[in-house]
1. State whether the residues of the stretch 350-367 include one that is of a type outside the set (S, T, N, Q), surrounded by 23 or more Cβ atoms within 10 Å (Cβ to Cβ), in contact (Cβ under 8 Å) with a residue 24 or more places away in the chain and more than 26 Å from F309 (Cβ to Cβ).
2. Restricted to the stretch 432-483, and to residues that are assigned to a strand (DSSP E or B) and among the polar types (S, T, N, Q), which residue is farthest from S107 (Cα to Cα)?
3. Which strands (runs of 3 or more DSSP E) sit wholly inside the stretch 197-254 and have at least 2 residues that are closer than 15 Å to T275 by Cβ?
4. Count, please, the residues in the stretch 401-432 that happen to be under 17 Å from A116 (Cα atoms) and in contact with a Ser or Thr (Cβ under 9 Å, 6 or more places away or on another chain).
5. What pairs come up if the first residue lies in the stretch 511-535 and is in a helix (DSSP H, G or I), the second is modelled with pLDDT of 90 or more and small (G, A, S), and their beta carbons are under 6 Å apart, counting only those six or more places apart or on different chains?
6. Among (1) free of Cβ contacts under 8 Å to residues at least 60 places away in the same chain; (2) part of a loop (DSSP other than H, G, I, E, B); (3) surrounded by 19 or more Cβ atoms within 10 Å (Cβ to Cβ), which single condition is G381 missing?
7. Going through the stretch 319-358 one residue at a time, which ones are under 11 Å from the mean Cα position of the chain (by Cα) and of a type in the set (A, V, I, L, M)?
8. How about the stretch 229-253: which of its residues are surrounded by fewer than 19 Cβ atoms within 10 Å (Cβ to Cβ) and touching a Leu at 6+ places or on another chain (Cβ under 7 Å)?
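The values are calculated or read from the model by the stated rules, or taken from the named source; none is laboratory data. Quick caveat: nothing in here was measured; it's all calculated off a predicted structure. Note that each Cβ is placed from the backbone with ideal geometry, even for glycine, and that neighbours are counted across all protein chains shown.
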Amino acid sequence: TPLSLIRNFSIIAHIDHGKSTLADRLIQACGALTQREMTNQVLDNMDLERERGITIKAQTVRLSYPAQDGKTYVLNLMDTPGHVDFAYEVSRSLAACEGSLLVVDASQGVEAQTLANVYQAIDANHEIVPVLNKVDLPAADCDRVKEQIEEVIGIPADDAVEVSAKTGLNIEAVLEALVKRLPPPKGDASAPLQALLVDSWYDPYLGVITLVRVKEGRLKRGMRIRMMSTGVVHLVDQVGVFAPRMTNVDELGPGEIGYINAAIKTVADTNVGDTLTDDRRPASEPLAGFKPSIPVVWCGLYPVVADDFEKLRDSLAKLRLNDASFHYEAETSAALGFGFRCGFLGLLHLEIIQERLSREFDLDLIATAPSVVYRMLLTNGTTEELHNPADMPDQSLIEKIEEPWIRATIMVPDEYLGAVLTLCSERRGMQEDLTYVGNRAMAVYRLPLNEVVFDFYDRLKSVTRGYASFDYQMDGYEESDLVRISILVNQEPVDALSFIAHRSAAETRGRSICAKLKELIPRQLFKIAVQAAIGSRIIARETIGAMSKDVTAKCYGGDISRKRKLLEKQKEGKKRMRQFGKVEIPQSAFLAALKMD
Ligand code: GDP
Ligand code: MG
């Protein structure tokens with residue numbers, strides 16, 4: 001395809017503003033799928049995405065559009081996730097495109113992730129076409145939202161396209177705007193190959209599939225390609241495009257987006273952001289990749305059944321291939337045995353990975369308390385990073401300890417502002433700015449990340465009835481008065497439950513965790529003490545009373561089948577428990593205990 005007939009674009013938006021629905025309509029309008037093949041949200045093909053109604057992985061589709069100027073264009077569409085934890089997926093899609101459709105819900109207006117995403121697109125030098133969606137809703141107010149886009153984002157919105165992705169209104173106008181307003185890609189087909197490795201994932205039938213954007217030269221079947229960062233060479237078995245089903249082609253030229261399948265076996269061989277080149281005629285320089293992602297939250301993942309360790313290792317390797325922002329390394333815990341310390345971009349990311357491990361790989365796991373990365377200056381003069389609260393040395397060996405801070409932007413309707421300000425100050429937040437956009441307040445706060453990872457997002461949602469939106473960036477490290485709180489169950493420390501907190505919050509939090517564990521740990525045949533301690537000093541204590549001897553005795557009459565059911569239920573529950581000394585702690589206790597209220 002000649003470059004002048006190609007348009008590559010991402011769809012960016014705040015969560016729920018209609019990206020995936022708009023993508024469906026564009027695919028349909030270009031006739032890429034028949035009515036029968038068309039399921040809702042074609043691109044959200046993970047079960048988890050459909051259930052939660054959110055997009056986790058960025059997806060790609062190639063469309064063919066006969067435009068009003070009589071020419072047929074190739075449109076490469078990339079749907080992207082909107083949630084703050086998946087910003088990394090967004091940055092990768094943007095690097096593969098020249099323009100963005102900025103979707104804004106006309107009944108809601110600009111939200112925190114609208115801003116975060118559009119700034120990323122501006123950074124990537126994108127041409128931006130604003131699209132006002134959901135104009136079918138009575139609450140839609142296009143004039144106000146256009147004003148907002150100009151005022152808050154600072155881009156012209158006069159010729160924003162007004163659509164309803166739900167009813168299909170004005171979809172043609174979006175396609176025309178793409179063709180007319182976005183620049184075609186640039187590149188030289190006769191130059192040595194340079195292709196950006198945008199994404200890779202594991203397909204059970206085909207092995208490793210790699211998504212690429214060709215910038216210069218041609219990528220052909222049968223070619224020997226070299227990964228420029230590692231020098232590893234592979235033979236290309238297949239080249240293809242997503243139309244949206246995988247369809248083989250002979251070659252991809254400059255400006256094109258597609259996949260290759262090159263019998264790549266190991267994770268280490270596909271570094272997202274790497275440049276592929278022709279082994280026989282290599283390019284002199286790699287493309288500018290994108291920033292590597294840095295995990296901000298770590299937790300331990302351990303198999304409930306120790307025999308599952310190898311299976312867990314295998315599954316993590318496959319997930320990592322599918323998600324370059326996810327990191328892991330082997331670790332051992334006194335209480336939990338062999339497992340992995342895993343790094344995530346945020347708490348939702350953590351939850352999603354955990355859920356994918358249990359669903360796609362059928363693994364029962366225990367997750368330990370999530371922790372941010374602390375920096376310690378030790379009395380012996382060395383600096384160390386602390387990823388795991390259990391590794392924190394004795395206070396006497398620590399000169400000082402620093403914690404990461406974030407800069408958060410929160411947008412919220414006026415009437416909930418008070419609740420948001422209270423929440424932020426409870427979490428040691430410092431207000432930097434407070435402005436108004438119409439009747440919505442935009443508060444900018446600096447907050448310690450430690451106060452945000454556990455449940456800030458949940459709390460924010462609940463105190464604003466879901467009306468607040470939230471986005472953040474990392475904003476440096478600062479010294480802080482932090483202590484490690486250990487949790488003892490039946491006098492035994494459970495390293496997986498220890499956590500780090502600001503000294504001022506230690507007692508309250510210790511008490512609330514003990515109280516929660518009292519509810520979460522089932523009664524056993526003996527009394528159990530649950531304690532929180534800083535060093536050897538006990539700061540909180542609860543007691544779980546002993547259980548009456550025979551649970552089944554509670555079943556009156558001699559209903560055998562009922563008794564059996566109850567026993568089976570207990571057995572089922574046991575599978576999800578871990579033994580700590582004499583005490584069994586259910587898997588669910590680990591994360592739940594740490595949510596604060
Ligand atoms: P995404 O998170 O940006 O991908 O948003 P989705 O495409 O998943 O849409 C979020 C919700 O808004 C879904 O319930 C859609 O059915 C709904 N929605 C999307 N577009 C429209 C529209 O034009 N009008 C109305 N009324 N609802 C829409
Ligand atoms: Mg979506």
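1. Within the stretch 350-367 (the criterion being of a type outside the set (S, T, N, Q), surrounded by 23 or more Cβ atoms within 10 Å (Cβ to Cβ), in contact (Cβ under 8 Å) with a residue 24 or more places away in the chain and more than 26 Å from F309 (Cβ to Cβ)), the answer is no, since none of the residues qualifies.
2. Checking each candidate, the answer is Q473.
3. Because the criterion is at least 2 residues that are closer than 15 Å to T275 by Cβ, the strands (runs of 3 or more DSSP E) in the stretch 197-254 that meet it are 207-216, 224-227, 233-235.
4. Here the count works out to 4.
5. R511/A540; C514/A532; C514/A540
6. Only one criterion in (1) free of Cβ contacts under 8 Å to residues at least 60 places away in the same chain; (2) part of a loop (DSSP other than H, G, I, E, B); (3) surrounded by 19 or more Cβ atoms within 10 Å (Cβ to Cβ) is unmet by G381, namely (3).
7. A324, L345, L347, L348, L350, I352, I353
8. E251
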